[in-house]
Amino acid sequence: MQQEPQPTSSEPIESAIGAVVILLLFTSLGLIAAGGWPWFKGMLESAAPAWIQAIGSIAAIVAAAEIGRRQARAASDLEAKKQAAAEIQKLKIVMALMARAHGLSNDICKAFSTAQFDDFDQVSPELMVDTHLALQALPVFEIPDGLLALDVLTIGRALGVMHENWQRLRELCTTDPASLPEEMAKLDTLAHEIGEISLAALNECKKEIASRAT
């Protein structure tokens, strides 16, 4: 939907100047009708310097006010752009970590689904720990969206649990193979939950970045 064009900042000033000109014109016509041109000419010659000075003073005040207003607006716009740029940078960091978490969860889900050794080899416990620590190190109160901050906390903790369960699963292969199906089912459920939350957070980051880039 197209927005209606906003009135320019000069319209109020132009209207005020137009009103003053019209008022002066009608005043002049009234004075001419009342006393005739010679009287009006004499009045103008005696009062012109005072009128010129008054008009100049008013114009200077109006110009100074307009300059101050524009400077304040420019400073406000600049500050808003700086804040938007800083928030976009933070959102990009969150988005990158959520994309990594989503990939890690998909690797586990795929390995359980195919039961292929090559797919199990794609799972990286080290990357789980790295992403877990990176998410926990983020200053969540500086994330420019409350739900995203909550997702960062949730995924950060969940990745730590997923790493612990994955390591436990590897140990059970030699110590207690009978319990593997149950533990794999638990880990698969956790991986799916991480995948869903991280994907939603990833899409939310993209939306928030787009809203600040316009």
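Report yes if some residue within the stretch 97-109 is among the β-branched types (Val, Ile, Thr) and either crowded, with 16+ Cβ neighbours inside 10 Å or modelled with pLDDT under 90 (or both); otherwise report no.
In the first step, residues of the stretch 97-109 are kept if they are among the β-branched types (Val, Ile, Thr); the result is 108.
Now drop any that are not either crowded, with 16+ Cβ neighbours inside 10 Å or modelled with pLDDT under 90 (or both), which leaves 108.
The answer is yes; a qualifying residue exists.
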Legend entry - Restricting the stretch 182-214 to residues that are assigned to a helix (DSSP H, G or I) and β-branched (Val, Ile, Thr), the residue that is farthest from residue 107 (Cα to Cα): 209
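Would it be correct to say that residue 144 is at negative phi and touching a Lys or Arg at 6+ places or on another chain (Cβ under 7 Å)? Write out each step before concluding.
On the way: at negative phi: yes; touching a Lys or Arg at 6+ places or on another chain (Cβ under 7 Å): yes.
In short, yes.
Sort out for me the helices (runs of 4 or more DSSP H) sitting completely within the stretch 68-176 that have 2 or more residues that are closer than 16 Å to residue 192 by Cβ. Working first, answer last.
Working: elements: 117-121, 125-137, 146-175.
Once the helices (runs of 4 or more DSSP H) in the stretch 68-176 are filtered for at least 2 residues that are closer than 16 Å to residue 192 by Cβ, what remains is 146-175.
The values are calculated or read from the model by the stated rules, or taken from the named source; none is laboratory data. What you are looking at is a predicted structure, and each value in this text was computed from that prediction instead of being measured. Note that each Cβ is placed from the backbone with ideal geometry, even for glycine, and that neighbours are counted across all protein chains shown.
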